[in-house]
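No lab work stands behind these numbers, since they all come straight from the coordinates. Only a predicted model underlies this, so the values are computations on that prediction, with no experimental measurement involved. As a convention, Cβ positions derive from the backbone with ideal geometry for all residues, glycine included, and neighbour counts pool all protein chains shown.
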Amino acid sequence: MTLDDLRVFVAVCEAGNLSAVARDLSCSQPAVSQHVKRLERETGLVLLERRPRGVVPTQAGRILYRAAAEGIAGLGTALRALDDLRRGTSGTVRISTGATTVRHFMSAGVAAFRARHPDVTLEFQTAGSSRRCLEAVQSHQADLAWVTIGRPVRGVEQRPSTSLPWALAVRVDDPLAHRGSLRPGELAGIRHIRLPEESTSGAHLAAHLAGHGIRLESTTSVADWDTALLLAELGLGHAILPSLPGWSHGPGSVVRLVPIPDLPPLTAGWAARRWDALSPLALEFADTVVASLV
């Protein structure tokens, strides 16, 4: 069993067709079949089921595919980290982020890191939720992910980096805008602009409000915090949001953020598969972003 055998087997499982893999690898179909047959001889099990329009892994094949795919992806990550060590000043850092993360959390850190490392490639991969960001880390598509810290996730280490108090975003002409703070019970009658229920922040908020006996009804929902704030500015409702860095609403602003101190703050931070396996550049990037938040 060789690394090439496993790579070809993973490719066949993903393509579902030996001929397609042979074309991609610029080799013959019998050569692809030999890699699979060698694995079947060594395991003593049938790994692929032949069908009229291709192949699918058997139960044994699925077990081997999952292990091989993860191992090959991990090896690729390790080789990139070794290459970063070899080159010293250049390399690549892949970051999975939400739609508004770079603006609110990373702008100063990215600028500082870029000034020190002008030759490093930064790959930002936008995902729609913390769950998607974590999946990118799990599948080795990203080195780091900036996420809302939630429940433990298998195969991922999360590091809390900043605390975000909750506030109610309202127009300045709204009766609630003149309050110094609000209690959760006072939110029951608001025209709620709802965060996505599947998002970590939306789930946190719903759980905390439920703890106070509050379940908000809503006819408006949004995909991200910035859109919720914009709709509040337009007077289309009230948005319960974490107080994000970069939101400034001083004199002349049409919106106010009224603190809700009884709701536990939201926690955000970095996620990685293993911190001790990250390249020095990825570690420095993560530390630079956190330092810029202080």
Environment charge of Leu230, counting only residues whose C-beta is closer than 12 Å and scoring Lys/Arg +1, Asp/Glu -1: -2
Förster-model FRET efficiency, 51 Å R0, Leu45 and Arg179, C-beta, rounded to 0.05: 0.15
Helix-only [θ]222 nm of the chain, DSSP H runs n ≥ 4, -39500 (n - 2.57) each, per residue, nearest 500: -12500 deg cm²/dmol
DSSP loop GluC sites (Glu not before Pro) with at most 14 other Cβ within 10 Å: longest gap in the chain: 1-196
Ratio of the Cα radius of gyration of region 3-76 to 2.2 N^0.38 Å, where N counts its residues: 1.00
Cα long-axis angle, helix 200-211 against the chain (0 to 90 degrees, to the nearest 10): 50 degrees
0 to 90° range, to nearest 10: angle between helix 3-15 axis and the chain longest Cα axis: 60 degrees
On Cα atoms only, tilt of 280-292 relative to the major axis of the chain in degrees: 0 degrees
Per principal axis, descending, Cα span of region 185-234 in whole Å: 28, 23, 14
Scattering curve values for region 1-142, log₁₀ I(q)/I(0), Debye with Cα scatterers, q = 0.11, 0.19, 0.20 Å⁻¹: -0.59, -1.07, -1.13
Length gained when the stretch Ala112-Leu236 is fully extended (0.36 nm per residue, less Cα-Cα span): 40.9 nm
Where N is the number of residues in the chain, Cα Rg divided by 2.2 N^0.38 Å: 1.28
Summed residue charge, Cβ within 15 Å of Arg38's Cβ, Lys/Arg positive, Asp/Glu negative: -1
Which of Phe9, Phe113 has the fewest Cβ neighbours within 10 Å, and the rest in rising order: Phe113, Phe9
